[in-house]
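Working notes, structure below.
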Amino acid sequence: MSSTESAPSAFPCRLLLVDTDSRFRRIVKEFLSSQIVQVEEVSHERQALQKLERSEFDVILVEMAANTEASLLRLRELKEKADCEVICVSEKPDAESIVAAIKAGCFDYLTKPVRMSRLQKTVDNAFRTVRRQRLCRSEHLRNGQAKKPLMIGQSAAMQEVFRLIKRAGPTDQPILIQGESGTGKELVAKAIHQVSHRVDQPMVVVNCAALPETLLESELFGHEKGAFTGAASAKPGLFEVADGGTMFIDEIGEMASGIQAKLLRVLEDGSFRRVGGTEERRVNVRLLTATNRNLFEEVKEGRFREDLFYRIDVMRLELPPLRHRGDDVALLTHHFMGNDWQIDMDAMEAIERYRWPGNVRQLINALERAKILSDDQTILLQNLPTEVAECTYVLSHSGPPRKDDLESLMRHQIELVMSRENGNKVRAARALGVSRRSLYRLLEKYQIE
C-alpha cells in the first residue's frame, strides 16, 4: 500500500486470500504483503473456515463463481463466521452476479485480471471500514457497561475532555462547559452527572435561550398561587425538583440580569424565594452551566455579572468543535449511520474534508437527510447536502467559492498552510481541520510536495 492511503503500521491489516489459482495468490501476496498488510492464502473455502476458527482477519479476498447460489451461500457463511469485510473476485462476472453478491454483503466486486492499484485501494478502503465499525462497537460496549452516556471520540482533544469529566465529575464544584453550538454540551453535562455521587438523584435541564425572562424565572424558582395572571395554583421550580441532584443551565449567557442575581444567591447559600412568595426555601444542588459565548467578554461589556461569572467558572471545560477532532469525524459518521448502512468512499472523503460549522448536530442532520435520499442503504456523494458534497466550507467560513474556483482555492490554501507549518503534516492537518489521512490524500491529489 502507498504511504498516503495506508492505515497506520501500528494496526496492520490481516488479509485472508481464498482462490484456487495459485499464480493469482502468489502475485497478490507479493504485491500486498508489507508491514502494513499481512496476507495468508488458502485455495478452498474449507481451509478458509479452518483459518477463521483459529485467527481473526480484517479483510477476506475470495474467488466467486459467476451466478451460482453456492457462491452466494459461501459468501454469507464467510460473513457470518468472520467480523470482517469480504471482497469478491471473479472472471467475467455478469451484472446479476455482482448485484446479488453486493446484496449478500460483499464490500466490492473485482474482475480478473485485477489491476493491482485497484486491488490495493479496495483492500485499504475495506480495512478502514472494518476499523471504524469495530471502534464504534467498542464504544457502544464500553459506555453500555459503564452506564455512561455514549460519547464517541478517539482524538486527543476528546480524550482531554474525558479526562476532565473523570477528574471533576465526582466533586460538587460548579462547572462551566464552553463550546460552539452543536458540539454536545448537554451530553457532557450528563456524563459529569453520571460519574458524580449524585447519580441516583435527578438531573434537571433548562435552556435559557428557549424561554422568555418571566417564564424562565418561574421555571427555575417556582411561583405561588396568584403571583401573576394565569398562576391558578402554586408550582415548585426546577431547583426544588433538582434538590439533592444536578441542575444544568444551558446557554446561561442568554440569562437576564435580574435572574442572574437570584441564581447567584442560590450558589452562595442555597436559598431562594418563589415568584410572588415570601418563604425562604433552601436546596442542595450541584450546578452545571454551558454557553457558546465568551462570558469573559460579556462581563467586560456589562452584559453578565462578574460575581456570578466567577461563581460558575470554578472549573471550565472547553468542548472542541468537530473540525478540530480529526478522525473522530469518520468514527461519528459510522456510529450515526448505524450497522445496517454503508457509505461510498467519495461521500466519506467529502464528510472528512468539510469543516462542519454546525458541529455534531449538523453531521447528524446531514446523515439523516442522506439516508432519506439514498437507495439500498448506501450513502452516496449526491445524497449529501450540497455544501458538504461540494465542500464549500473546507477552507474557511468567508463564504462559499464558485464551484469552478474550488479546486484552485483548495490547492492554494493547502500550500499556504504547509509552508506556514514548515511541512509538518500533523500541525497542517490540525490547522486545516482535516484528519492526517485526508491531508495525505489531498497532497497526493494536488501533487503538493
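The table that follows gives values for the structure above.
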| read-out | value |
| --- | --- |
| The chain: angle of helix 116-146 to the longest principal axis, Cα-based, in degrees nearest 10 | 40 |
| Student exercise, the chain dipole from Lys, Arg, Asp, Glu Cβ charges, in Debye to nearest 20 | 860 |
| Within-12-Å neighbourhood charge of Asp108 [Cβ basis; K, R +1; D, E -1] | -1 |
| Sorted by Cβ density within 10 Å, fewest first, the residues Val114, Val89 | Val114, Val89 |
| DSSP-defined beta bridges in the chain - what % are antiparallel, rounded to 5 | 10 |
| Gap separating the Cα centres of the stretch 254-289 and the stretch 208-224, nearest whole Å | 12 |
| Over the chain, relative contact order from alpha-carbon pairs under 8 Å, at least 6 apart, % | 13 |
| Cβ-defined net charge surrounding Ala126, 9 Å radius [Lys, Arg +1; Asp, Glu -1] | -3 |
| In degrees, nearest ten, helix 22-32 long axis to first principal axis of the chain (Cα) | 40 |
| Radius, Kirkwood style, for the stretch 156-319 when every pair of distinct Cα atoms is counted (Å) | 16.2 |
| More than 33 angstrom apart: percent of Cα pairs within the chain | 50 |
| Ordering of 47-59, 358-370 by burial proxy (mean other Cβ atoms within 10 Å per residue, highest first) | 358-370, 47-59 |
| Packing-based exposure ordering (other Cβ within 10 Å, fewest first) of Ser34, Ser97 | Ser34, Ser97 |
| Tilt relative to the chain, helix 69-81 - C-alpha long axis, 0 to 90 degrees, to 10 | 40 |
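Read-outs: derived from the displayed coordinates by stated rules, not from any lab. Not measured: the values here are computed from a predicted model. Don't worry about glycine lacking a Cβ; one is built from the backbone with ideal geometry, like all the others, and counts go over all protein chains shown.
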